[in-house]
Amino acid sequence: MKTMRRTLAAMAAGAILATAASPVLAQSKTLKVVQHGNLTILDPIWTTAYVTRNHGYLIYDTLFAMDEQNAVKPQMVEKYEVSPDKTVWTFTLRDGLEWHDGKPVTSADCIASLQRWGKRDAMGLKLMDFVKEFKAVDAKTFQMVLKEPYGLVLDTLGKPSSNVPFMMPKAVAETDAFKQIDSQIGSGPFIYQKNESKPGERHVYLKNPKYKPRGEAPSGLAGGKVAKVDRVEIVEMPDVQQQVNAIIAGEVDIVEAPPHDLLPVLKNDKNVVLDDWNPLGHVFIIRFNHTVKPFDNPKIRLAALYAINQEDYLKATIGDAAYYKVCGAAFICGTPNATDKGSEILIKSNFDKSKELLKEAGYDGTPIVLMQSTTLPVLTNTAPVTKSLLEKGGFKVDMQSMDWQTLVTRRTKKDPPNAGGWNVFHTYSVSADALNPISNSYFVAAGDKSWFGWPNDPEMEKLRDTYAKETDPAKAKALAEAIQLRALENGQFGWIGQWYGPGARRSNVTGWLKAPIPVFWNIEKK
């Protein structure tokens, strides 16, 4: 494999050099970035795909944001107040906020944005259960009136990852939450250049000259978002060896997620720096479709969990144990809600128990459709591991390979697997998204309102409601443990290992902030 990669590398590098004809002036202020996947969907509310979230952070802004210490700070909001009974939250926007078309950001824009996001995001859905109404007090001030106090308002509005509550113009935000928007007007530090962008090749963003950063120093996703380059180009480069060659050759400036097996190559190049921009790391997920056979049966979902084990996934995908951790905690080892109660079934395979449960459930041997992503390198090997483990556990498996964008489109379908639907797939989350049962969208069990796979478990939703209202940290942790046990008992989904991965940057590129998201403000090219 490595010999083939070197051959492809030489060919790729030659191709890149042959096409490198951009003007010198533009190159000096242009940051070229290769992300972990291609960007084809431009609506960060419609999809949870991380490349789309990253696009969102370039062009949109948020009311609140999480800093490097995981504290939520005001961002577009200048100030906020809470009524004594904690049911009325009043937000006032900063002066001078403008959309890219020059129109002012208003309360009406923010209300419409929150309402659309609140129909798609896990934390947004839960918050909206408590919202009685929104009121525009004036052009810059609006209120969120709750039915009863809710303990996670700021955590929700400042959530760092998909789906991020990005603010959009009212006319855009009024788009049906289940249809994609057709406008890319935001108020963030960069402006999307549709006329220069060509999906499959590159996406172009120019510095927003009218953006007014906060006065505070940048910290994580909070503080002053100062764009220090004139132009960001997201270069679409699916071949991972080509990515590595491109940054070594100086053809690109940042590779967000170089493959783990090529990190030693990058580490030995004096012009490349490995940068651990996301110290909390990521977690792999196995997700079942609860709405179609056979995973509409909880006993069969549980059988699948008994068949798997984390170590096999981590060895096959990450390889170097320095970059992974076997962890039974759904809410991330080393964080306040972490517990390994009940999760031993995810750590060591028990094929006999899996077969026993399949027999009890009356599994008829119909092959399950397992979707495999072939273009997101860190996920490519997860599906073959699942195929092998499930077959050892008594399942029949039809693994179907496709690119990641096809997978994220197909996962929205509720059709039977033999009519374009699916039974199971893998994804991953940044750990910052998985720290509690409200932010972790895989725990939502509200049927059609749930994340793809659409679990429906009133007992789980009752536990999540109780957690959301609890303000005592010890009681909240006990509830988180109960929620983890309920998810395992019901086979809701599986968390199959934590992993870490540095990005790569040229040594003349500085200012890459530590955050759960790769952000491109504050970055300089020297």
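The values are calculated or read from the model by the stated rules, or taken from the named source; none is laboratory data. No experiment lies behind these values; they were computed from the predicted model shown. Every residue, glycine as well, gets a Cβ built from its backbone with ideal geometry; the counts of neighbours run over all protein chains shown. Surface areas here come from the heavy atoms of the whole protein model, side chains and all, with no ligands, DNA or RNA. Shrake-Rupley method; radii C 1.70, N 1.55, O 1.52, S 1.80 Å.
Per-structure values
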item: Integer Hz, Karplus 6.51/-1.76/1.60 couplings in order for the range 115-130, x for Gly and Pro; result: 5, 5, 4, x, 8, 10, 8, 4, 5, x, 4, 5, 4, 5, 4, 9
item: Whole-number accessible area per residue in Å² for the range 336-415, which is evaluated in the context of all protein chains at 1.4 Å; result: 47
item: Dipole in debye (nearest 20) - the range 268-353, about Cα centre, beta carbon charges: Lys, Arg +1; Asp, Glu -1; result: 420
item: Peptide ranges 477-487, 462-472 listed from the most packed, as the mean C-beta count within 10 angstrom indicates; result: 477-487, 462-472
item: Violating pairs (Cα-Cα greater than 32 angstrom) within the set Lys348/Lys462; Lys170/Lys225; Lys79/Lys210; Lys119/Lys477; Lys126/Lys348; Lys135/Lys462; result: Lys126/Lys348
item: Full-stretch length increase - Lys267, Glu68 - with 0.36 nm per residue and alpha-carbon distance subtracted; result: 69.1 nm
item: Loop-located trypsin sites (Lys or Arg not before Pro) in the range 166-234 whose Cβ has at most 14 other Cβ within 10 Å (DSSP); result: Lys179, Lys194, Lys210
item: With every protein chain in place, the chain: carbon and sulfur % of accessible area (1.4 Å); result: 52
item: Label-point separation in nm, Lys462 to Lys341, each point 7 Å along Cα→Cβ; result: 1.7
item: Spatially proximal lysines relative to Lys270 (Cα-Cα < 28 Å; intrachain offsets below 8 disregarded); result: Lys2, Lys29, Lys32, Lys228, Lys514, Lys525, Lys526
item: At 1.306 mPa s and 10 °C, Stokes diffusion of the range 389-445 via Kirkwood alpha-carbon radius, µm² per second; result: 116
item: Cα-based shape type of the range 254-352, given that a ≥ b ≥ c are square roots of the gyration tensor eigenvalues and the cut on a/c is 1.5; result: prolate
item: Solvent-accessible area per residue for the range 155-229 (1.4 angstrom probe, square angstrom); result: 43
item: Simple Cβ-charge dipole of the range 70-117, Lys/Arg +1 and Asp/Glu -1, about Cα centre, in debye nearest 20; result: 160
item: Translational diffusion coefficient (Stokes-Einstein; Kirkwood radius from C-alpha pairs) of the range 43-201 at 4 °C, 1.567 mPa s, in µm²/s; result: 81
item: Two-site label geometry, Glu98 and Met402: point separation in nm, points 7 Å out along Cα→Cβ; result: 4.3
item: Per residue, in Å², the accessible surface of the range 485-526 once ligands and nucleic acids are set aside, probe 1.4 Å; result: 27
item: Spin-label pair Lys348/Cys333, simplified geometry with 7 Å Cα→Cβ offset, distance in nm; result: 1.6
item: Gained length - Ala322 relative to Lys413, 0.36 nm times residue gap less alpha-carbon distance; result: 29.0 nm
